[in-house]
Amino acid sequence: KDSIDEQTLLRASTEIEDLATPGYSLSQAMRQTGAFPGLAVASIAAAERTNRLEEVFEELGNHFKNIESLVGDAKKAATYPLIALMVLAAVMSLMLFFVVPQLKTILPADPPLPTRILLFMSDSIAYVWWVPFTFPLLYVAAVKGLTLEQKATVMEKLYSVPLVGRIALNLELSTVFMNLAMLNGGGIPLLEALRIAAEGSNSPFIADKLLTCHNLAKQGGSLSEGFADKRFPRVVSRAITHGEATGRFDKQFAGLSKFLRDRTASQIAFLSTFIEPALLVVGGGMMLMMAMAIFMPIYGQIQNVR
């Protein structure tokens, strides 16, 4: 986990103090608690070897602060549409459950097509209302049964979704490259840094790519070949190629992380401004269709009476 709640932090701090007394190093004590991310433990272990603890603590603080800010922006962008969709779904469900059945007695025997569709939905919802609630259970069951390669394939498909998939990919890549910058800049060899970053990645697709890069570099191949993927921004392979030429991977990783973090922030801001009018159009259209389905046959009967 990238964040630790106050109670867990207090317990971990007490354990670290107890472990440090018998002669454990700070990184060893942190690893024993099991409460800290692998990135933090590995970075502090490297800092202990190079006497850079103060710098690494500051870098870790800035890193997790930036990641928390990005994740918070993404959650804010997703909160409004989720609430709006839930409210819209609740209103439509109540209409189909309670309002539409009451109108059957006043509707004509041969109503217009929109009204027939509405009546069919009203009759069907009593039998299928439980289906959406099974999706989370099916998802969890399906994900648990997948291998790492299958999970990577699923994530690859998700990253191909326009805009939303690109935001998720850039967010994960920004985290990965900042991890690599901190690990490699702290004195951890590139091969070990790639392995640690792969273990700490939340995306099976990115983790698979990092392991591929690890194997390529271990066999003497080019690291940029592993990142030469059409789903990644082109700047990634170019920056890593430059890092191979200069030997300063930490600078290139840090620059990539900042670039992708800024791009993700601008994409989230754009998505936020785009979602609200889109939801108004979709929600208004659905309510308009339901109103037409209800009032068209009633208006037709009034015209016949006249």
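Spatial offset of the stretch 125-179 relative to the stretch 29-87 amounts to 22 Å, using the alpha carbon center of each. Computed over Cα pairs, the Kirkwood radius of the stretch 130-201 leads via Stokes-Einstein (0.890 mPa s, 25 °C) to a diffusion coefficient of 170 µm² per second. Counting Cα-Cα pairs of the chain in 10 Å increments starting at 0 gives whole-percent bin shares of 5, 20, 23, 19, 13, 9, 7, 3, 1, 0.
With viscosity 0.692 mPa s and temperature 37 °C, the Kirkwood radius over alpha carbon pairs of the stretch 174-255 converts through Stokes-Einstein to a diffusion coefficient of 266 µm²/s. Here the Karplus relation 6.51 cos²θ - 1.76 cosθ + 1.60, evaluated at θ = phi - 60°, turns the backbone of the stretch 245-257 into coupling constants of 6, 9, x, 9, 5, 4, 5, 5, 5, 5, x, 4, 4 Hz, with x for every Gly and Pro. Farthest towards the positive end of the charge dipole of the chain, among the residues Leu223, Leu94, Tyr80, is the Cα of Leu94, using unit charges on the Cβ of Lys, Arg, Asp and Glu.
When Lys258, Lys65, Lys209, Lys144 are compared by accessible area of protein heavy atoms, the largest-first order is Lys144, Lys65, Lys258, Lys209, using a 1.4 Å probe. Computing FRET efficiency as 1/(1 + (r/R0)^6) for Glu199 and Ser266, where r is the C-beta to C-beta distance and R0 is 41 Å, gives about 0.85. Here the ratio of the Cα radius of gyration of the stretch 163-306 to 2.2 N^0.38 Å is 1.71. Per the Cα gyration tensor, the stretch 82-223 maps to an equivalent ellipsoid with semi-axes of 52, 15, 13 Å, ordered largest to smallest.
Judged by the ratio a/c of the largest to the smallest principal axis of the C-alpha gyration tensor, the stretch 110-168 counts as oblate, that ratio being 1.5 or greater while a/b is no larger than b/c.
When ranked by the protection proxy of mean other Cβ atoms within 10 Å per residue, highest first, what sequence do the peptides 187-195, 282-290 form?
Details: 187-195: 19.6, 282-290: 13.6.
The densest-packed peptide leads the list: 187-195, 282-290.
Overall, the ratio between the Cα radius of gyration of the stretch 253-306 and 2.2 N^0.38 Å, rounded to two decimals, is 2.31.
Here Arg263 sits with roughly 80 square angstrom of accessible surface, probe radius 1.4 Å. When the Cα positions of Leu183, Ala193, Leu169 are compared along the charge dipole of the stretch 130-215, Leu169 comes out farthest toward the positive end, with charges on each C-beta of Lys, Arg, Asp and Glu. Taking only the C-alpha atoms of the stretch 46-131, Rg followed by Dmax gives 27.0, 85 Å.
The solvent-accessible area of Lys218, taken with every protein chain present and a 1.4 Å probe, is close to 140 Å². With the helix formula -39500 (n - 2.57) applied to DSSP H stretches of n ≥ 4, the chain reaches a computed 222 nm mean residue ellipticity of -27000 deg cm²/dmol.
Rounded to the nearest 20 debye, the dipole magnitude of the chain is 1000 debye, with +1 charges on Lys and Arg beta carbons, -1 on Asp and Glu beta carbons, and the Cα centre as origin. Across the stretch 128-134, rounded Karplus estimates of 3J(HN,Hα) from the backbone phi angles (6.51 cos²θ - 1.76 cosθ + 1.60, θ = phi - 60°) give 10, 4, 7, 4, x, 6, 8 Hz, Gly and Pro being marked x.
The values are calculated or read from the model by the stated rules, or taken from the named source; none is laboratory data. In this text the structure is predicted, and so the values were computed from the model without any measurement. Note: ideal-geometry Cβ built from the backbone for every residue, glycine included; neighbour counts use all protein chains shown. Protein only, heavy atoms only, side chains kept; ligands, DNA and RNA dropped before computing areas. Shrake-Rupley method; radii C 1.70, N 1.55, O 1.52, S 1.80 Å.
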